[in-house]
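Following: one structure in structure tokens, then a few remarks.
Taken together, the values in this text are just the output of simple stated rules run on the coordinates, not laboratory data. Values in this document were obtained by computation on a predicted structure and should not be read as measured data. Every residue, glycine among them, receives a Cβ derived from its backbone with ideal geometry; neighbour counts consider all protein chains shown.
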Amino acid sequence: MSSGLGNIDLAEILFTLFWVFFIGLVLYLHRESKREGYPLVSDRSPHITVQGFPAIPKPKTYRLESGRTVMAPREQPEEDPAVEPAAPYPGAPFDPVGDPMLAAVGPGSYANRPDIPEVTLDGKPRIVPMRTDTSLVVDRRGVDPRGMELVGADDETVGTITDLWIDLAEPQIYFLEATAKGEVGRSIIIPFGFAEIDKRANKIRVNALYAKQFDDVPQLASPDSITLLEEDKIMGYFGGGLMYADDTRAEPYL
């Protein structure tokens with residue numbers, strides 16, 4: 001059907017322009033998604049650039065709400081993880097070298113996030129211990145873990161739960177804090193997702209780690225705040241315990 005513009009089919013032109021715009025939008029978004037994590041590292045040669053199509057975009061500076069600036073993409077220091085190939089061929093999986101709980105690889109890996117606390121919309125630290133905010137209380141219908149024993153996968157007592165760290169943005173319990181048994185001044189931060197509450201036995205059980213491995217849980221620089229990097233390190237350490245806490249956990253089930 002003619003649109004009244006002679007031999008020009010306006011509907012077909014608009015349809016073509018829509019698809020040109022849509023394809024351009026997809027390529028733009030795919031290119032922008034490569035500001036982090038690219039180019040990939042080739043295990044065949046350091047001279048191979050793995051970035052696919054389209055190529056990574058030119059660096060752009062972003063101004064964050066906190067006043068900091070971040071450039072992406074940016075030069076990243078080359079990492080030297082404590083791993084070695086499990087077999088002598090390209091693409092072989094890696095095995096951790098030394099103590100796998102401290103290798104920070106596999107399920108124990110973490111991102112190199114900024115070493116500053118995350119904040120809420122009003123600029124306050126997002127995750128805080130209850131002792132710093134008197135408005136925080138445990139619902140009387142729930143279980144208050146404070147005062148319970150902390151035990152590992154071997155059922156040995158590690159310490160006593162002394163405080164709860166609350167995510168003010170949710171709000172919900174994000175971490176548990178325990179005082180190490182027999183060690184004055186040393187606290188242990190436990191991700192709440194790794195904790196099992198045994199109300200009858202008055203215990204908090206963490207099956208990811210054995211008692212002796214709680215000695216190496218990453219410590220906080222400040223007793224009343226936690227940074228993004230510290231969050232990731234703690235999560236990575238407990239996550240690594242699910243596979244590396246003992247030799248049997250790294251073996252196949254079948």
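Annotations for the structure displayed:
- When the Cα gyration tensor is reduced to axis lengths a ≥ b ≥ c, the ratio a/c stays below 1.5 for the range 170-250, which is therefore classed as rounded.
- Measuring between their Cα centroids, the range 116-186 and the range 73-101 lie 34 Å from each other.
- Whole-Hz Karplus values for the range 153-169 come out as 5, 8, 6, 8, 6, 9, x, 10, 5, 10, 7, 10, 9, 10, 8, 5, 7 Hz, taken residue by residue from phi with 6.51 cos²θ - 1.76 cosθ + 1.60 and θ = phi - 60°; glycine and proline positions read x.
- For the range 90-199, the square roots of the Cα gyration tensor eigenvalues, ordered a ≥ b ≥ c, give a/c of at least 1.5 with a/b no greater than b/c, which places it in the oblate category.
- Three-way shape label, the range 1-76, alpha-carbon gyration tensor, a/c 1.5: oblate
- Nearest-ten-degree value, helix 228-244 long axis tilted from longest Cα axis of the chain: 70
- (i) 0.98; (ii) 1.13; (iii) 0.95, with the label sought being that of the calculated Rg/Rh (Cα atoms, Kirkwood Rh): (ii)
- Per residue, the average separation of C-alpha pairs within less than 8 Å and at least 6 apart gives the range 115-250 a relative contact order of 24 percent.
- Per-pair calculated FRET efficiency, R0 = 41 Å: A55 and A11 via Cβ, rounded to 0.05: 0.70
- Residues whose placed amide H lies under 5 Å from that of L150, excluding near-sequence neighbours: V158, G159, T160, I161, I204
- Only Cα pairs under 8 Å and 6+ residues apart enter the sum, and on that basis the relative contact order of the chain stands at 15 percent.
- Taking the longest Cα principal axis of the chain as reference, the axis of helix 10-32 is set at about 40 degrees.
- Sorting the segments 77-83, 183-189 by their mean number of nearby beta carbons within 10 angstrom, highest to lowest, gives 183-189, 77-83.
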